[in-house]
Structure formats: C-alpha cells, structure tokens
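Written out below as structure tokens is the structure these notes cover.
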Amino acid sequence: MIESTTLRYFYEVAAFGSVRVAAEKLFVAQSAVSRQIALLEDELGVPVFERHARGMALTAAGELLLRYAQDNKTQLADLKGQIHEYETLAKGHVRVGCVEGILHGLLTSFMPSFIRTHPGITFSLDLMGSHAVGESVAEHKYDLGILFGASPRPDLIELQKIEQPLCVIASTQHPLAQQRSCTLAEVADAPLALPDRSFGLRQLVDRVSSKGKFKLNIAVETNSLSFASRLVAESDLITFQPSDVVAPLIEAGKVVAIPLTDASLRSARATLVASYSRRLSLAANHLSQSLIAYMQGWQRPVKPGRATASRTPARGKPE
C-alpha cells in the first residue's frame, strides 16, 4: 500500500519537476524526498520519473500515478468536508471555476448576500476559459463551474443557464455609438480588441465569421475581458461582450452596448455545470441551489445604443 506521505512527496516532485524545489516546499531534506521516490518505484516495479539534467519528467506510469494522486487528494478533501458537515450543515469549502464575464457580472452580484447568509462556507473562485472550466469540473478539481455556451462534455450536468447575448462594446465617442443594432459582418472591418481562443465567446464569434466567410480585423488579442473593455473605452477599438460584463463602464458613460442581431450571438448563454460522477458536498449543494434560483431571476436588459444594465435580479435571491 502506498503511504500518504510518499504520495505527497511524489505529487510535489511531479508539480515542480524538481526534487530540490519539492523538498523546499515540503520543508524536508532532498535526501528524504529522493528516498521516498526510490521506495515508491521499488514498490511499483517501474520508474515513475525520467531523470534529466533540467529536472524530472513523468513516465507513462508516472502519469497514471499522478491521476491517482489527484483523485486521492480530492477524495480526502471531500471526506474532510463531509466529516466537518456532520458538525454543522452551515460549514464547508466550495471550489468554483468560472469564465471572467460571469465572475465580474453575476457572481459579484450574487456572492455578497450568499456570504452573509452562509458565513461558515468558504470559497475558491478561479478564472479560466470555458474549455478549462469544463475539463476541471469533469476531473473533480472544482465542485461547480460556470462556462460560456453549452456544456462541452457529456460527463457534465447542466444545472442552469442564463442569457448572455453578445453586444458590440464601443466608446460613447465611437461612430458606431448611435447604432441601435448590427450584425457581426457589418462591424468586421472595425479594429477589434478580442479575448483569445480559450474564451467561449471568442469561439462563438469565430464560428459566425467562418460561416459567413468574412475575416475579423483583430488589432489586440488578450486573455482579459476587463482589459479589452477598458481599452475600448479609451480608444477607437471595439469588442464583443455581454452587456453585464461592462455594466460599470456603461453606467459611468464610458461605453455603449449595441446588440448583435446574429441568431447565435443573440441567443448566447452561460451555463452552470457539475460533474455527473461526483456527489456535491452539502456546502456545494447549498451554493448550487441558491445560485440556480438566482440565475433563474437574473435579468440584464440591453437597450439599443446606450444600453443600461440592472444589477438587481427580478427574483431568486440567495437562500
């Protein structure tokens, strides 16, 4: 049986590719780490690392062991959480992976009230692209995920969706600012600041332009929606985002949101997902049920031209 200490040492070496760095992180001697790895390889009968001048690289057997170690770590965290919940149903830790637009939009509105009513529940909220959200939830690295578009994997459950229609985001001084609506093709020649291809909304825009056989004039590509929108507010560039992502800039009179009328862009959605193969902890279930109710009442009307965004949902307050 592989001891938990051995697995912990293996996990750190795999993470950093170095016995020295792993030893520093674990506050033990390098020899102790090397000894545990040697014992592990003796027990398994195969090497789990390839030794190179620049560090340690996992073998095929090592990759299998790493997945086991990750699952073991997740199961231990879940077990601790479940044991803790026997003391009180109001405690626990929830891990959420989320696309940037939802984190700065819906979640910043939802979380304060939920935190007030569930003070014993703590959170890890991490930004990532839609593909990474789906992958991380399926691999049980996160309890819940919110991604742009439909679930990209069959092993995820779609718990709730909200409308996230895409708009042209432009400075109030931009020539497009007085438009009531437009299609993607009509603004394709305008210089753009767009998120990179890890973003679900970028993938959607690319599909529409590919289907329409026109190219987008991309001047700036970034991994930050916030940077793109703030750049647009101070320049002649435009970008494509849901209006609630830029609600503070709209309310400050910096930008306008012009609805895009392409069917797939107008009907864009964001989706709350969980893994089919994992039972949610009580804390994660509290969060998911409250978030589902809140999402059901989430309303962000987009008016033509100088769009406004209401920050208060019609119903579905956190329970």
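The values are calculated or read from the model by the stated rules, or taken from the named source; none is laboratory data. Worth saying up front: this structure is predicted, and the values here are computed from it rather than measured. Quick reminder, even Gly has a Cβ in these numbers, built from the backbone with ideal geometry, and neighbours come from all protein chains shown. Surface areas here come from the heavy atoms of the whole protein model, side chains and all, with no ligands, DNA or RNA. Shrake-Rupley method; radii C 1.70, N 1.55, O 1.52, S 1.80 Å.
All of (1) buried (at least 16 other Cβ atoms within 10 Å of the Cβ); (2) over 21 Å from residue 96 (Cα atoms); (3) out of contact with any Asp or Glu (no Cβ under 6 Å at 6 or more places or on another chain) hold for residue 181 with one exception: (1).
Condition check ((1) among the hydroxyl-bearing types (Ser, Thr, Tyr); (2) modelled with pLDDT under 90) across all residues:
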site: 104; (1), (2): no, yes
site: 108; (1), (2): yes, yes
site: 111; (1), (2): no, no
site: 117; (1), (2): yes, yes
site: 126; (1), (2): no, no
site: 137; (1), (2): no, no
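If the condition is being in a strand (DSSP E or B) and among the β-branched types (Val, Ile, Thr), then the range 142-182 contributes 146, 157, 162, 168, 169.
Among the listed residues 108, 122, identify the single one that is in contact (Cβ under 8 Å) with a residue 24 or more places away in the chain, among the β-branched types (Val, Ile, Thr) and open to solvent by 20 Å² or more (accessible area, probe 1.4 Å).
Being in contact (Cβ under 8 Å) with a residue 24 or more places away in the chain, among the β-branched types (Val, Ile, Thr) and open to solvent by 20 Å² or more (accessible area, probe 1.4 Å) holds for just one of 108, 122, which is 122.
So for the range 199-218 (the condition being among the small types (Gly, Ala, Ser) and more than 21 Å from residue 264 (Cβ to Cβ)), does at least one residue qualify? Taking every residue of the range 199-218 in turn, none turns out to be among the small types (Gly, Ala, Ser) and more than 21 Å from residue 264 (Cβ to Cβ). Within the range 197-229, the set of residues being open to solvent by 40 Å² or more (accessible area, probe 1.4 Å) and either among the acidic types (Asp, Glu) or out of contact with any strand residue (DSSP E or B) (no Cβ under 9 Å at 6 or more places or on another chain) (or both) comprises 198, 207, 210, 211, 212, 213, 214, 215, 221, 226. Note on the range 1-75: no enclosed helices (runs of 4 or more DSSP H) hold 1 or more residues that are open to solvent by less than 40 Å² (accessible area, probe 1.4 Å), out of contact with any helix residue (DSSP H, G or I) (no Cβ under 9 Å at 6 or more places or on another chain) and of a type in the set (Phe, Trp, Tyr).
Within the bounds of the range 248-261, is there any residue that is touching a Leu at 6+ places or on another chain (Cβ under 6 Å) and assigned to a helix (DSSP H, G or I)? Break it down stepwise before answering.
First, the residues of the range 248-261 that are touching a Leu at 6+ places or on another chain (Cβ under 6 Å): 255, 260.
Filter once more, keeping what is assigned to a helix (DSSP H, G or I): none.
Scanning the range 248-261, I find no residue that is touching a Leu at 6+ places or on another chain (Cβ under 6 Å) and assigned to a helix (DSSP H, G or I), so the answer is no.
Could you tell me whether the range 157-166 includes any residue that is touching a Gly at 6+ places or on another chain (Cβ under 8 Å), at negative phi and among the acidic types (Asp, Glu)? There is no residue in the range 157-166 that is touching a Gly at 6+ places or on another chain (Cβ under 8 Å), at negative phi and among the acidic types (Asp, Glu).
For beta carbons closer than 7 Å, sequence separation of 6+ or different chains, a first residue in the range 17-43 that is without any contact (Cβ under 8 Å) to a residue 60 or more places away in the chain and over 20 Å from residue 63 (Cα atoms) and a second that is assigned to a loop (DSSP other than H, G, I, E, B) and of a type outside the set (Lys, Arg), the qualifying pairs are 23/29. Considering the range 266-319, and only residues there that are in a helix (DSSP H, G or I) and among the hydrophobic types (A, V, I, L, M, F, W, C), the residue that is modelled with the lowest pLDDT turns out to be 282.
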